[in-house]
Amino acid sequence: MNLIVPHKENKILAEVQVAKSFFDRSRGLMFCKSWPKDKTLWIHRCNSIHTGFMNFAIDAIFVDRQLRIAKLVKDLHPWKLVLPIWSSSSVFEFVSGHGKLDGLEVGDQLYVGH
């Protein structure tokens, strides 16, 4: 599956890996030594994140149930916290510094598919 921005000529942001289990959602990218720049971790039922025990900075896209962007967070370094985004139902996490969030705005519609 890919994370796509339809209104930007179907720009593919990243390959999506879904955090399926409770354990995967709770762990997120903690303890990972690295993460591919062309992948994103999609955490469902999540409106707040922290970067405790992280080994690198991340960018995050919080989305509502229709995958509209509710909040963009760039360059979130280890041991930081994003308080709850009440309009958000899930989050996409990326390795920071690769420009994945460039050109995106709150309210933009995203799509996950092939």
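The values are calculated or read from the model by the stated rules, or taken from the named source; none is laboratory data. In this text the structure is predicted, and so the values were computed from the model without any measurement. Neighbour counts run over all protein chains shown; Cβ positions are idealised from the backbone, glycine included. Please note that ligands, DNA and RNA were not included when accessible areas were found on the heavy atoms of the full protein model with its side chains. Shrake-Rupley method; radii C 1.70, N 1.55, O 1.52, S 1.80 Å.
Among the residues of the stretch 24-43, which ones are over 16 Å from MET54 (Cα atoms) and open to solvent by 50 Å² or more (accessible area, probe 1.4 Å)?
ASP38
Pairs under 7 Å by beta carbon, first residue farther than 19 Å from VAL112 by Cβ in the stretch 49-66, partner assigned to a strand (DSSP E or B), six or more apart or different chains?
These pairs meet every condition: HIS50/LEU81; THR51/ILE58; THR51/LEU76; PHE56/VAL95; ALA57/ASP75; ALA57/LEU76.
Please state which one of SER48, SER88 is touching a Cys at 6+ places or on another chain (Cβ under 9 Å) and of a type in the set (Ser, Thr, Tyr).
Among SER48, SER88, only SER88 is touching a Cys at 6+ places or on another chain (Cβ under 9 Å) and of a type in the set (Ser, Thr, Tyr).
Within the stretch 89-114, which residues are open to solvent by 40 Å² or more (accessible area, probe 1.4 Å) and under 18 Å from ASN47 (Cα atoms)?
Result: GLU105, VAL106, GLY107, GLN109.
I'd like the full set of residues that are in contact with a Gly (Cβ under 8 Å, 6 or more places away or on another chain) and assigned to a loop (DSSP other than H, G, I, E, B), limited to the stretch 64-86.
Residues satisfying the conditions are PRO78, TRP79.
Which residue out of ILE12, ILE4 is open to solvent by 30 Å² or more (accessible area, probe 1.4 Å) and among the β-branched types (Val, Ile, Thr)?
Of ILE12, ILE4, the one residue that is open to solvent by 30 Å² or more (accessible area, probe 1.4 Å) and among the β-branched types (Val, Ile, Thr) is ILE12.
Would you mind stating whether ILE43 is at pLDDT 90 or above and touching a Gly at 6+ places or on another chain (Cβ under 9 Å)?
Criteria met by ILE43.
Of all residues in the stretch 51-74 being within 12 Å of the chain's Cα centre (by Cα) and open to solvent by 50 Å² or more (accessible area, probe 1.4 Å), which is nearest to SER21 (Cα to Cα)?
LYS71
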